[in-house]
Amino acid sequence: MDIALRPVHGSDLPVFFRQFNDPESLRMAAFTPEDPADRDRFDAKWAHIRSSPEIVARTVLVDGDVVGSVSVYGEAGEREVTYWIDRAHWGRGIATAALRALLTEVTERPLYARAAADNAGSLRVLRACGFEVTGKARGYAAGRGEETDELVLSLEG
């Protein structure tokens, strides 16, 4: 299995949109847009991501196929990682490999991440990449339609 990152292409966006609208993935991610099916909002968000010099966004490829995305965004000192892998590819080490590759490209620290407290898969990815739990929060999770516990993680030095 060949896992690679590359800059996001416009042709990736329909694939991302489909991936971001999988009901099980939305529930697991929890903290998602209120209406993930709003294509105009999705397109506007990705236009901003692709044009912002502060955001490092990459498409995740497996054997040449688009399977997700991984990014770093935010203000200096508060930058956060995020990733999304198509559910059909969960449990294969792709998110861990993609995040590790991004962390070699983006060397600034600290970096932060957030995950629903019960999202064992995402927590496993983050811990495998050196992130440690540094805080807890609770907030409304649109992907679940309810208040949800969240863990805040950080990667130092």
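Among Ala37, Ala113, Ala29, determine the one that fluctuates most according to a GNM of the chain built with springs between C-alpha atoms less than 10 Å apart.
So, out of Ala37, Ala113, Ala29, the one fluctuating most is Ala37.
Where is the GNM fluctuation largest for the chain (alpha-carbon springs, 10 angstrom cutoff): Arg144, Arg18, Arg27?
Arg18
What is the distance in Å between the Cα centres of the stretch 24-83 and the stretch 96-157?
One Cα centre to the other: 14 Å.
Taking each pair of distinct Cα atoms in the stretch 109-151 once, what is the resulting Kirkwood hydrodynamic radius in Å? Provide the component values of the computation, followed by the final result.
Details: mean 1/r = 0.0909 Å⁻¹.
Radius from the Kirkwood sum: 11.0 Å.
Not counting ligands, DNA or RNA, and with a 1.4 Å probe, what is Glu54's accessible surface area in Å² rounded to the nearest 10?
For Glu54, solvent-accessible area is about 110 Å².
Between rounded, prolate and oblate, where does the chain land on the alpha carbon gyration tensor, with a ≥ b ≥ c its root eigenvalues, rounded for a/c under 1.5, else prolate if a/b exceeds b/c?
Working: a/c = 1.27, a/b = 1.05, b/c = 1.20.
Note, shape of the chain comes out rounded.
Just the Cα atoms of the stretch 3-74, one point each, no solvent: what log10 I(q)/I(0) does Debye give at q = 0.25, 0.26, 0.28 Å⁻¹?
-1.33, -1.38, -1.43
Does the stretch 79-139 come out rounded, prolate or oblate by the C-alpha gyration tensor, with a ≥ b ≥ c the root eigenvalues, rounded set by a/c under 1.5 and, if not, prolate when a/b is larger than b/c and oblate if not?
On the way: a/c = 1.90, a/b = 1.04, b/c = 1.82.
Here the stretch 79-139 falls in the oblate category.
To the nearest 20 Debye, how big is the dipole of the chain about its Cα centre, given +1 on the beta carbon of each Lys and Arg and -1 on that of each Asp and Glu? Walk me through the numbers before you get to the answer.
Values: 19 positive and 25 negative charges, 56 e Å.
Dipole of the chain, to the nearest 20 debye: 280 debye.
For every helix of n ≥ 4 consecutive DSSP H residues, a contribution of -39,500 (n - 2.57) applies; sum these over the chain, divide by its total residues, and give [θ] at 222 nm rounded to the nearest 500 deg cm²/dmol.
-9000 deg cm²/dmol
Calculate the radius of gyration of the Cα atoms of the stretch 42-127 to one decimal place, then report Dmax, the largest Cα-Cα distance, as a whole number, both in Å.
For the stretch 42-127, the Cα-based Rg and Dmax read 12.9, 34 Å.
How would Tyr140, Tyr112, Tyr73 rank on accessible area, largest to smallest, probe 1.4 Å?
Numbers: Tyr140 115, Tyr112 65, Tyr73 85 Å².
Largest accessible area first, the residues go Tyr140, Tyr73, Tyr112.
The values are calculated or read from the model by the stated rules, or taken from the named source; none is laboratory data. A quick note: this is a predicted structure, and the numbers were derived from the prediction, not measured. Virtual Cβ from ideal backbone geometry, glycine too; neighbours counted across all protein chains shown. Calculation scope for accessible area: heavy atoms of the full protein, side chains included, ligands and nucleic acids excluded. Shrake-Rupley method; radii C 1.70, N 1.55, O 1.52, S 1.80 Å.
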